[in-house]
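Before any comments, here is the structure.
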Amino acid sequence: MGRIVAVGKESTLEVGQRVVVPFTIFCGQCFHCSEQRYSNCDNSCPVEDQEVAEKAFGHPMAGMFGYSHLTGGYAGGQAEYVRIPYSDVVPLVVPEDIPDDRLLFLSDILPTGWMAALNADIAPGDTIAVWGCGPVGLFTILSAFQQKAGRVIAIDGVKGRLAMAEQLGAEPVNYHETDILDALIQMTGGVGPDAVIDAVGKEAHGFSVDTIADRVKQTVGLGQDRAHALRQAIMACRKGGRVSVPGVYGGKADLFPLGAMMQKGLQLRTGQTHVRRFTGELLDLIERDVIDPSFLISHRLPLDEAATGYRNFRDHQDEWIKVVMHP
Amino acid sequence: MTLANWARYGLAATLATAAGGMLIYRRQPRINHDAAPARSARHRRRFGDYRVTGAAVTVRATPQQILACWRNNAALWPVLEFLPFPEGHQDDLLLPPSGLRDMASRPLLTRIVTEREDELVAWRSEGEGHADMHGRLRFRDNGDKGTAVEVIVAVRPHHFASAWKTEAMMAEALELGLLRDLRRMKMLIETGEIATARLRPDAV
């Protein structure tokens, strides 16, 4: 987020305006944008980069800030200055009287958690299991309760993060100490969670046969994704339940329990976040003090210490939950 | 083992391999290329003397708007690679963009030969260029998604590997380039600009 310092000739923004910029770049004009599927935009990824994603995924992706050449090779937003393409539609102009800390996460992880909960199609009173209590997982838990979940079960192996999940009202389960499938069956009276959410993605940790096999395949270049959390989530989900996947996957994963998906009649929904679709609604919740996303911030650093922040975020997950950098 | 035995076994092995090969060859399913939609037939890159390639996109615009962009939008022409363009000419002459110029050893001029309103524009090469080229832009209503635009180009090299470098590579480059051209045109029509990740694009 930041302030507008210069505008292009077609921009509807004004110099000095305070904006939050979604990580997904979209044109606002194509078929997908017209249906608010902004992360599927046809036009925001430069033509020369579309072929890479097309080979990998069958279709090109939208442009995204700081997300490799699969998504257009746009430089990331952790910088002093950022050029915002399609600035007449992409940024969200925000009020002056709300602190940065409460608005910043509208750019990415708060809408991601919100969309993850929406994709779980939560009915009032439902039991939701969330794998991963990182920043996205924690916002998913927050969003699930906002969307009237009755219970949220949070699964992770980092005690500090499980403690934060518990503060949000979730029931923590540590996978280092617990057989997750057994626990979920017992906690739900033999039924299983109504919906499961994989907020882990392609870098699942843990010591299980499939994770070790994934690691070996990654090491020798035979596989890309470690999909243990997703496999476990599908196995745990109740019959006729929903599977939501905000966690990022980039390649192919085998040992995928397709039989369980089919035989239990599960529905799977996933995707890069259509950030701008949710920012208005979430800004309203922030303005009315219904939610305060700043609880997530554990550290603040100047921009030139970004590498330290990333290192600690990787090595000390118990304490380094979310780092905010100030230019 | 004597030399005669070696020869006998060798002959038997050769005959067995040949018979096996024949059996496998004959068990290949007969492919009806006409059953495959558009240019999707397997193991089929040539149609008669012509190599046919193409690409398709859907644009949220009417055929008239798409044609108007192709005919009159000066921002489009410099970024085209393989799609010939009229550059505002009134005499149906189309100019070859950069990729096509690099590929042919002589200038490849094409001229519009058929136009059907809201449906089709077709062209073919003329003069002493080293290749014979036919092409067409075809429009089809794609419901609420917009207008499907398909470009198909059929090329017959007059002198293999002299006018056109390696033919297969040329066809692949042509197909990719045509898809890029259509995508650039789509961007220009839908958003008024062609996406770039450069920090200081010329547009600002």
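What pairs come out if I take residues in region A:214-234 that are in contact (Cβ under 8 Å) with a residue 60 or more places away in the chain and pair them with residues that are among the aromatic types (F, W, Y) and buried (at least 16 other Cβ atoms within 10 Å of the Cβ) whose C-beta lies under 6 Å away, six or more apart or interchain? That search, which allows pairs on different chains as well, returns A:A229/A:W131; A:A233/A:W131. Being of a type outside the set (A, V, I, L, M, F, W, C) and more than 17 Å from the chain's Cα centre (by Cα) is the filter here, so list the residues in region A:69-87 that pass it. Result: A:H69, A:G72, A:G73, A:Y74, A:Q78, A:E80, A:Y81, A:R83, A:P85, A:Y86, A:S87.
Among what's in region A:266-285 and is in contact with a strand residue (DSSP E or B) (Cβ under 6 Å, 6 or more places away or on another chain) and among the β-branched types (V, I, T), pick the residue that is surrounded by the most Cβ atoms within 10 Å (Cβ to Cβ).
First pass over region A:266-285, keeping only residues in contact with a strand residue (DSSP E or B) (Cβ under 6 Å, 6 or more places away or on another chain): A:266-270, A:275, A:279.
Imposing the further condition that a residue be among the β-branched types (V, I, T) reduces the set to A:270, A:275, A:279.
Working: A:T270: 16, A:V275: 29, A:T279: 21.
Within region A:266-285, the match that is surrounded by the most Cβ atoms within 10 Å (Cβ to Cβ) is A:V275.
Starting from region B:182-193, take each residue that is at the interface with chain A (Cβ under 7 Å from one of its Cβ atoms) and list its partners that are in a helix (DSSP H, G or I), counting only C-beta distances under 6 angstrom and pairs at least six apart or across chains. Taking only residues 6 or more apart or on different chains, the pairs are B:R183/A:V47; B:R184/A:V47; B:R184/B:V79. For region A:82-96, a residue qualifies if it is over 15 Å from A:F65 (Cα atoms) and within 14 Å of chain B (Cβ to nearest Cβ), and the qualifying residues are A:D88, A:V89.
Scan region A:280-311 for residues that are within 18 Å of the chain's Cα centre (by Cα) and not in a helix (DSSP H, G or I) and report the count. Residues meeting the conditions: 3.
Of all residues in region B:124-148, how many are modelled with pLDDT under 80 and out of contact with any helix residue (DSSP H, G or I) (no Cβ under 9 Å at 6 or more places or on another chain)? Talk me through it step by step, then tell me what you get.
Our first condition is that a residue be modelled with pLDDT under 80; within region B:124-148, this holds for B:127-131.
Filter once more, keeping what is out of contact with any helix residue (DSSP H, G or I) (no Cβ under 9 Å at 6 or more places or on another chain): B:127-130.
Count: 4.
Of everything in region A:12-27 that is within 14 Å of chain B (Cβ to nearest Cβ) and over 16 Å from B:T196 (Cα atoms), the residue that is surrounded by the most Cβ atoms within 10 Å (Cβ to Cβ) is A:L13. In this structure, A:V5 does not qualify as more than 9 Å from every other protein chain (Cβ to nearest Cβ), over 19 Å from B:E193 (Cβ atoms) and part of a strand (DSSP E or B).
One residue is enough: does region A:142-157 have a residue meeting the conditions loosely packed, with under 15 Cβ neighbours inside 10 Å and without any contact (Cβ under 8 Å) to a residue 60 or more places away in the chain? Among the residues of region A:142-157, at least one is loosely packed, with under 15 Cβ neighbours inside 10 Å and without any contact (Cβ under 8 Å) to a residue 60 or more places away in the chain, which makes the answer yes.
The lone criterion from (1) within 26 Å of B:L178 (Cβ to Cβ); (2) within 11 Å of another protein chain (Cβ to nearest Cβ) left unmet by A:A56 is number (2). Of everything in region B:5-28, what is among the small types (G, A, S) and within 35 Å of the chain's Cα centre (by Cα)? Give them in sequence order. The answer is B:G21, and nothing else. Listed by first and then second residue, the pairs with beta-carbon distance under 9 Å, at least 6 apart or on different chains, first residue in region A:173-191 and closer than 17 Å to A:K264 by Cα, second surrounded by 11 or more Cβ atoms within 10 Å (Cβ to Cβ) and charged (D, E, K, R), are A:T188/A:R151; A:T188/A:D194; A:T188/A:R238; A:V191/A:R238; A:V191/A:K239.
From A:R231, A:R238, A:R288, grab the single residue that is surrounded by 13 or more Cβ atoms within 10 Å (Cβ to Cβ) and out of contact with any Gly (no Cβ under 8 Å at 6 or more places or on another chain). Result of the check over A:R231, A:R238, A:R288: A:R231.
The values are calculated or read from the model by the stated rules, or taken from the named source; none is laboratory data. Computed from a predicted structure; not experimentally measured. Don't worry about glycine lacking a Cβ; one is built from the backbone with ideal geometry, like all the others, and counts go over all protein chains shown.
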